[in-house]
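The values are calculated or read from the model by the stated rules, or taken from the named source; none is laboratory data. If you're wondering where the values come from, they're calculated on a predicted model, not measured in any experiment. When we count neighbours, we look across all protein chains shown, and the Cβ atoms used for this are built from the backbone with ideal geometry, even at glycine. These area figures cover heavy atoms from the full protein model, side chains too; ligands, DNA and RNA do not enter into them. Shrake-Rupley method; radii C 1.70, N 1.55, O 1.52, S 1.80 Å.
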Amino acid sequence: MTHNNASEAYGWNFDNSYAALSDSLFSLVSPTPVRSPGLVIFNDALAGELGLNAVVLRSDDGVAVLAGNRLPEGAESLAQAYAGHQFGHFTKLGDGRAILLGEQITPQGERFDIQLKGPGRTPYSRGGDGRATLGPMLREYIISEAIYALGIPTTRSLAVVTTGEPVFRETALPGAILTRVAASHLRVGTFQYVSNWGTAEELMQLVDYALARHYPEAVPGDNRPLTLLKEVIGRQAALIASWQLVGFIHGVMNTDNMTISGETIDYGPCAFMDVYDPATVFSSIDAQGRYAYGNQPRIGAWNLARLAEALLPVLHHDEAEAIKLAEEAIGGYSDLFYGNWIKGMRAKLGLYDEESEDEALIHDLLVIMKEAGADYTNTFRALTMGRLEPAALQASAEFAPWHERWQARLGRQQESADAARQLMQRSNPAVIPRNYRVEEALAAAVERSDYSVMERLLQALSSPYAYSEAQEEYAAPPEANSSPYQTFCGT
């Protein structure tokens with residue numbers, strides 16, 4: 001593995017603070033070079049934010065870095081160790097097909113992990129080849145950038161390159177590598193790993209590292225682990241509420257996919273809900289609906305309880321007191337989540353102030369939407385635009401009385417109708433990455449090497465609150481006779 005020494009030309013400014021932690025948390029490993037890398041999509045705007053030179057990174061030498069054929073100067077590549085509850089079952093894990101190059105320090109002094117996804121085997125590959133296929137990597141690029149545009153904390157995608165090599169799954173598929181950018185890749189599962197297989201000293205080292213990296217403004221006081229736990233609970237409560245507000249279904253909320261930073265991570269079997277139904281599940285491996293849309297808030301609490309358990313050895317020297325502190329902290333999650341969600345739902349309906357009947361108003365609308373089979377995104381889009389969805393809501397006998405209640409509620413607040421409409425437009429996306437549109441883009445790219453469909457989709461999704469005419473075609477829901485949509489874990 002060769003290093004590329006032109007770091008100044010590229011804009012690389014690496015630090016490797018994670019590599020300075022206990023070596024039990026990672027394994028040093030280099031990407032496995034690929035035969036013939038080719039750039040298929042590059043995020044120029046993100047490159048600029050990171051302080052990187054997009055022109056140089058698009059060159060052959062730059063693509064070699066994005067493919068893992070060369071390491072940038074200052075990189076100290078490693079695979080991270082972690083554990084996780086996967087569908088409720090605890091197991092030892094780790095980066096089986098991801099390698100962290102290092103931490104890019106931006107011109108603004110911010111720190112972001114630069115990680116390659118699909119660059120070959122690591123000590124944690126567990127029999128896998130460490131590779132990724134083109135479709136899932138493009139899918140992560142599309143959905144993560146859409147989530148970012150919606151204003152939701154998320155990891156992001158800098159680039160996708162093809163490898164020129166097949167990846168063998170059920171059939172031979174084109175290989176690809178995604179460059180993922182994250183505030184960090186610290187997970188609930190990272191703490192579970194150290195708590196189960198490390199020492200109390202290593203656990204405290206990880207606590208201090210996470211606080212310094214993600215919560216520098218927090219006042220630790222005497223109990224730093226408790227401070228961290230409460231901060232993560234707050235971030236995750238806000239994050240999951242934001243998912244619910246836009247109809248996003250993560251699909252695989254295992255503890256290794258819950259970040260300490262509060263960012264959305266892992267875009268495997270994720271999808272956006274069309275017809276409103278809390279029981280909606282798309283993932284092919286979630287037969288019991290554990291991670292259904294309506295279950296996401298509860299699973300968030302469950303995952304955070306696992307973080308609290310991992311921190312018990314350092315929360316307090318007395319086990320009973322440690323459990324009490326953990327339970328009190330976790331007990332605050334529900335109110336934090338609900339506070340974020342109800343505030344967001346009020347905004348979706350144009351409500352600036354609070355009334356005691358708001359909860360019933362919101363609940364009744366959701367019941368009507370479910371019974372009518374109304375599209376989640378387009379219902380709020382229609383209300384924002386002052387028109388109804390004819391096929392669904394107008395056919396409901398309950399909708400007209402509800403609409404009158406809503407209009408009366410709007411009339412009781414000081415803000416004008418125009419101000420309410422502006423609040424709704426800022427809170428209700430006109431477009432989301434419709435599942436069938438994403439599949440169209442992926443099919444064109446993978447089957448025909450046509451990336452124009454994806455590029456047009458990304459453009460439409462880049463300003464989801466614009467309500468522009470150009471977005472109209474992307475707002476249409478799938479045809480009613482479409483077969484049930486199903487997603488699969490990225491391979």
- Task: Go through (1) in a loop (DSSP other than H, G, I, E, B); (2) open to solvent by less than 30 Å² (accessible area, probe 1.4 Å) one by one and return the number of the condition Leu366 breaks.
- Result: (1)
- Task: Looking only at region 193-216, decide whether some residue is under 20 Å from Lys92 (Cβ atoms) and of a type in the set (Val, Ile, Thr).
- Result: yes
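Here's the yes/no breakdown for (1) more than 28 Å from Gln425 (Cα to Cα); (2) surrounded by fewer than 23 Cβ atoms within 10 Å (Cβ to Cβ); (3) hydrophobic (A, V, I, L, M, F, W, C); (4) without any contact (Cβ under 8 Å) to a residue 60 or more places away in the chain:
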site	(1), (2), (3), (4)
His250	no, no, no, yes
Met258	yes, no, yes, no
Gly294	no, yes, no, yes
Trp302	yes, yes, yes, yes
Asp318	yes, yes, no, yes
Leu325	yes, yes, yes, no
Phe337	no, no, yes, no
Lys343	no, yes, no, yes
- Query: Of all helices (runs of 4 or more DSSP H) completely enclosed by region 399-491, which ones contain at least 1 residues that are over 30 Å from Arg97 (Cα atoms) and at pLDDT below 95?
  - Reply: 399-411, 472-475
- Have a look at Glu49, Glu76 and point out the one that is within 19 Å of Gly120 (Cβ to Cβ), surrounded by fewer than 19 Cβ atoms within 10 Å (Cβ to Cβ) and of a type in the set (D, E, K, R). Glu76
- Give region 168-221 a look and list any residue that's assigned to a loop (DSSP other than H, G, I, E, B), modelled with pLDDT of 95 or more and either hydroxyl-bearing (Ser, Thr, Tyr) or over 23 Å from the mean Cα position of the chain (by Cα) (or both), or say none. Ser184, Gly198, Thr199, Tyr215
- Message: Tally up the residues in region 385-398 that are assigned to a helix (DSSP H, G or I) and out of contact with any Leu (no Cβ under 6 Å at 6 or more places or on another chain), please.
- Response: 3
- Evaluation of Ala382 against (1) outside any helix (DSSP H, G or I); (2) out of contact with any Ser or Thr (no Cβ under 9 Å at 6 or more places or on another chain) (one fails), failing number: (1)
- Residues (closer than 15 Å to Gly102 by Cβ and open to solvent by 10 Å² or more (accessible area, probe 1.4 Å)) located in region 181-194: Ala183
